[in-house]
Each structure stands twice: as structure tokens, then as C-alpha cells.
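Chemist: One structure coming up, written as C-alpha cells, with questions to follow.
The values are calculated or read from the model by the stated rules, or taken from the named source; none is laboratory data. Here the structure is a predicted model, which means the values were calculated and not measured. Glycine gets a Cβ as well: all are built from the backbone with ideal geometry, and neighbour counts include every protein chain shown. Areas reflect the complete protein model, heavy atoms only, side chains present, ligands, DNA and RNA absent. Shrake-Rupley method; radii C 1.70, N 1.55, O 1.52, S 1.80 Å.
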Amino acid sequence: MRKVAFITGASRLKGIGASTAFLFAKNNYDIIITGTKRDQKSFPKYEKDINWTGVNSLAKKLEKFDIEVLPIELDISNENEVESAFSIIIEKFNRIDVLVNNASTGIGEDRVPVINLDNKEFMKVIKVKLFGAFYITKLVSRYMVDSKIEGSIINISSTAGKSGNANMAAYNAANFGLEGFSQALAMELASRNIRVNCVAPGPIRTSRLDKLSKKNLQKLKNTIPLKRIGEDFEVADLIYFLASNKSKYISGQSININGGIITER
Ligand code: NDP
């Protein structure tokens, strides 16, 4: 029986989620991918130019690996949608070996000082990245325990989950929260041999960096010790390692992949 990997936020060709889905597919996993329901026309102004593919067309590209792919459109911050999606997944595969909580809001209208931060924007960021991961992980980890699957859960946080930054309070809070959540869950699931880890990327060349001007991109590179932006496939390699048996003694950790930036934790 093929193993099954469930990757949230895999709807953009230039993205950590899509790159991870391709790597698992290449390695003969069946794949579940999620993205939101919207089409490109409905994107907020600040996200207009992203390299959006949508889960359905990404699924077609993954099928060439001769595996089963289930694309799901949902809002992961909505617990009812998550519960319905989970039922569909179990009905189709009745198995989940790997969960990658990757979905997140992009660089949006929350990137302002706290004194100007709209309450709804703050909640949106937290609800997608933290509540979304919680809703899905609760169902998946319960399923892994009940089915005695010694799975791997990988939560994608960020350098912003290790140190605070001006104008990023909501994103910082969501990522710090995800880090704490992951540590607690790792302690709870260790006796079942289910491993939980975080991957904390620094700047990675995905759609989220598309709107930076050349000048700002160069400025960003200068803050990175290795003097370059990371690639989505480099993060995918780390995720795959954390899902594999090669990392079977690693749990409760948060692994930086950030070009050498030293973080507080
Ligand atoms: P993108 O920002 O390119 O894509 C985000 C994904 O999340 C998309 O598939 C998007 O779907 C999905 N998503 C957004 N909102 C929701 C929602 N409400 N419900 C379901 N899905 C949703 O991702 P990246 O590849 O850049 O980043 C992936 C992860 O890595 C994120 O968790 C991010 O925080 C983290 N990270 C990325 C860094 C980077 O420089 N790229 C740096 C540090 C951390 P849709 O396309 O339909 O909107």
C-alpha cells in the first residue's frame, strides 16, 4: 500500500507546498493538496500577480507520477470545512502518513504597526496559520493514534516564529504559536511514535516575494549570511527528510532553513 501525504497550501506553482507535493509524488506517495476556493480574479489587490495555479490544475500535473491525487478547495480557518474535507480524505484513502501544515496568509494588510493593525486582519492571519493547523492536526493525529500509524507531522513556521519584527505582529504571533503548539503535540504523541517537528524558513523564492522590487530584494539578500534567497525545493527536501525514516530520532524540534540567520531560539 502506498503511503499518503497531506499538504495544505499547495495551490501555487512557485510555492513550498507545491514543491513538497512534487517531491512526495516523485517518491511514490499518494497526495492530498489544498488551496482556497477563490479564482485568480477574486484575489485581493496586493496578491494580484501571484503565480497561482489552483489545486485542480496542480493535481493534474502531479498525476503524471502515476499516483492518486486528491485536490481540495477549502478555507482551513473554517472548522466545518476542515471536518468535511477530512471525511472525504478518509473515504478516499483511509490512510494519512504525513501531514504538512503549510498554508498561510501572504504578505498582506496586516504588515503595519500594531497601533494601526485592524482587528480583523490580525484574526485572519492567526486563524489561517494557527487555528487552521490546529483544526487539521487534531483530526489527523487522532486518526493516526486510532489507526496505529507511526506518522510524521511537519508544521511550517518561519524565522518570524523565532524573533519578532516590526510591522509583523500578527504573523509573528501566529508562527510563535505554531512553534509552541508543535512542541506540546510532540510531547503528547511521542509514546505513539508519531513525530512532530517545525520547519522554519527564512526568505524563500515563492509567490510571496514576487511583489518586492529589485532594490528591496537586494536589501533582503544583504541581510542573509549566505547572500541569497532560498529555493522552495530546498525547503521541500528538509520536509521530506523529516517525514522519512532517516529522521526517526527527531521530534519536537524546529529546524531553521534560512541561509544562516541566527535566531533567538
Ligand atoms: P504562499 O504564500 O505562496 O502560499 C500560501 C498557500 O496557503 C496557498 O496555497 C494559499 O492558497 C494557502 N492559503 C492561504 N489562505 C488559506 C486559507 N484560508 N485556507 C486554505 N489555504 C489557504 O506560500 P509559500 O510557499 O511562500 O509559504 C509556505 C509556508 O512557508 C507558509 O506557511 C509561510 O508562512 C512559510 N514561510 C514562507 C517564507 C517565504 O519566504 N516564502 C518564509 C518563511 C515562512 P491560495 O493560493 O488559494 O491563496
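Chemist: How large are Rg and Dmax for the range 1-153 when calculated on the C-alpha trace, in angstrom?
Modeler: Rg and Dmax of the range 1-153, Cα atoms, are 15.8, 53 Å.
Chemist: By what distance, in whole Å, do the Cα atoms of the range 149-194 stretch along each of the three principal axes, largest value first?
Modeler: The Cα atoms of the range 149-194 stretch 41, 14, 12 Å along their principal axes.
Chemist: Set the bar at 23 Å for Cα to Cα. Now go through K61/K92; K26/K162; K37/K129; K3/K148; K60/K138 and name every pair that lies beyond it.
Modeler: Check vs 23 Å cut-off fails for K26/K162; K60/K138.
Chemist: Report the paramagnetic label zone for E83: residues of the range 122-151 whose backbone N is under 15 Å from a point 7 Å from Cα along the Cα-to-Cβ axis.
Modeler: 135-140
Chemist: Over all Cα pairs of the range 115-247, how is the pair count split among 10 Å bins, expressed in % and running from 0 up to the last occupied bin?
Modeler: The distribution over the range 115-247 is 11, 34, 34, 16, 4, 0, given as percents.
Chemist: Something else about it: May I ask you to give the solvent-accessible area per residue for the range 4-256, in square angstrom, as obtained with a 1.4 angstrom probe?
Modeler: So the range 4-256 comes to 48 Å² accessible per residue, rounded to a whole number.
Chemist: Taking all protein chains as present, what is the carbon and sulfur share of the accessible area of the range 4-256, in % to the nearest whole number, probe 1.4 Å?
Modeler: 52 percent
Chemist: Once the cut-off is 32 Å, how many percent of the Cα-Cα pairs in the chain end up in the long-distance tail?
Modeler: Percentage above 32 Å: 17.
Chemist: Sticking with this structure for a sec: Counting other Cβ atoms within 10 Å of each Cβ, which chymotrypsin sites (Phe, Trp or Tyr not before Pro) in the range 53-155 have at most 11 and sit in a DSSP loop?
Modeler: Taking the range 53-155 and a limit of 11 other Cβ atoms within 10 Å, no loop chymotrypsin sites (Phe, Trp or Tyr not before Pro) are found.
Chemist: Sticking to Cα atoms, compute the Rg of the range 61-123 to one decimal and its Dmax as the biggest Cα-Cα distance, whole number, in Å.
Modeler: Taking only Cα atoms of the range 61-123, I get Rg and Dmax of 16.8, 52 Å.
Chemist: Near the amide H of I32, under 5 Å away, which other amide H atoms are found, from residues 5 or more places off or on another chain, if H is placed in the peptide plane?
Modeler: Counting only residues 5 or more places away or on other chains, the set is A5, F6, I7, L70.
Chemist: For I107 and S163, compute 0.36 nm times the residue count separating them, minus their Cα-Cα distance, and round to one decimal in nm.
Modeler: Length difference between fully extended and current span is 18.4 nm.
Chemist: Counting Lys and Arg as +1 and Asp and Glu as -1, each charge on the Cβ, what is the dipole of the range 4-256 about the Cα centre in debye, to the nearest 20?
Modeler: It comes to approximately 940 debye.
Chemist: Calculate how steeply helix 16-26 sits against the longest principal axis of the alpha-carbon atoms of the chain, using the helix alpha-carbon long axis, and give the answer as 0 to 90 degrees to the nearest 10.
Modeler: 30 degrees
Chemist: Which ³J(HN,Hα) values, rounded to whole Hz and listed in residue order, are derived for the range 256-262 from phi using the Karplus coefficients 6.51, -1.76 and 1.60 in 6.51 cos²θ - 1.76 cosθ + 1.60 with θ = phi - 60°, glycine and proline given as x?
Modeler: After applying 6.51 cos²θ - 1.76 cosθ + 1.60, I find 6, 9, 8, x, x, 5, 8 Hz.
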